[in-house]
1. Could you please let me know if A133 is under 14 Å from S151 (Cβ atoms), surrounded by 22 or more Cβ atoms within 10 Å (Cβ to Cβ) and not acidic (D, E)?
2. Could you list all residues from region 42-85 that are assigned to a loop (DSSP other than H, G, I, E, B) and open to solvent by 50 Å² or more (accessible area, probe 1.4 Å)?
3. Name the residue, out of D12, D39, D17, that is open to solvent by 50 Å² or more (accessible area, probe 1.4 Å), under 14 Å from A58 (Cα atoms) and acidic (D, E).
4. State the number of residues belonging to region 20-30 that are part of a loop (DSSP other than H, G, I, E, B) and either open to solvent by 30 Å² or more (accessible area, probe 1.4 Å) or in contact with a Pro (Cβ under 8 Å, 6 or more places away or on another chain) (or both).
5. Under the condition of being in contact with a Pro (Cβ under 7 Å, 6 or more places away or on another chain) and not charged (D, E, K, R), which residue from region 96-121 is nearest to L60 (Cα to Cα)?
6. Which of the residues spanning region 87-109 are open to solvent by less than 50 Å² (accessible area, probe 1.4 Å) and part of a loop (DSSP other than H, G, I, E, B)?
7. Just the residues that are of a type in the set (D, E) and not in a loop (DSSP other than H, G, I, E, B), please, taken from region 110-123.
Amino acid sequence: MSENDIHIPNDDEISPDDIKPNASLVGVDLSDAHLVGADLSNADIKSANLRKANLLGADLSGASLARSDLRETDLPESDLTDADLHRTNLSEASLKNADLLRANIRSASLKGTNLENADLSNANLRTANLSEASIQNANLSGANLFSADLS
C-alpha cells in the first residue's frame, strides 16, 4: 500500500505516515477513511472512530480496537487474528471472509454484521450481540459463545 492509497478525510492530525504497524492511534477519527490493505498490526486504536472506513484486506492482527466505533465499516478479507475488539461496535459492518482467530470480541455489538465465511475459531464472543448477523459458513469452532445473543 502506498501513501497515495490512504485517504483520511476527518482528522488533520493523522497522516498516511501514521498508518503503520505498532501505531498509537488512540481516540483518532478515521471515519470514512480509505485504508485498503493497510498494515496496522499490533496498533493501539482504542476508542477510535472508524465508522464507514474501508479496511478491505487490512492487517489488524494483534491490534487493540477496544471500545472503538466500527459501525458500517468494510473489513472483508481483513486479518484480525488475536485482535482486541472488547466492547467494540461492529454493527452493520462487513467482516466477510475475515480472519478473527482468537480475537477478543467480548461484549461487542455485531448486530446485523456480515460474518459470512469468517474464521472465528477460538474467538471470545462472550456476551456479544450477534442478533441479525449473517454467520453463513463462518467457522465458530472453539469459540466462546456464553451468553451471546444469537437471535
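The values are calculated or read from the model by the stated rules, or taken from the named source; none is laboratory data. Predicted model only: the values in this text are computed from it and were never measured. Counting neighbours? That spans all protein chains shown, and the Cβs are built from the backbone with ideal geometry, glycine included. Accessible surface is based on the protein model in full, side chains and every heavy atom, while ligands, DNA and RNA are left aside. Shrake-Rupley method; radii C 1.70, N 1.55, O 1.52, S 1.80 Å.
1. Spelling it out, A133 is indeed under 14 Å from S151 (Cβ atoms), surrounded by 22 or more Cβ atoms within 10 Å (Cβ to Cβ) and not acidic (D, E).
2. Filtering region 42-85 down to residues assigned to a loop (DSSP other than H, G, I, E, B) leaves 42-43, 45-48, 50-53, 55-58, 60-63, 65-68, 70-73, 75-78, 80-83, 85.
Passing the criteria: N42, K46, S47, R51, K52, L56, R67, R71, E72, E77, D82.
3. Just a single option satisfies the conditions, and that option is D39.
4. 5
5. A98
6. Listed by number, the residues that qualify are T88, L90, S91, A93, L95, A98, L100, L101, A103, I105, S107, A108.
7. Result: D119, single match.
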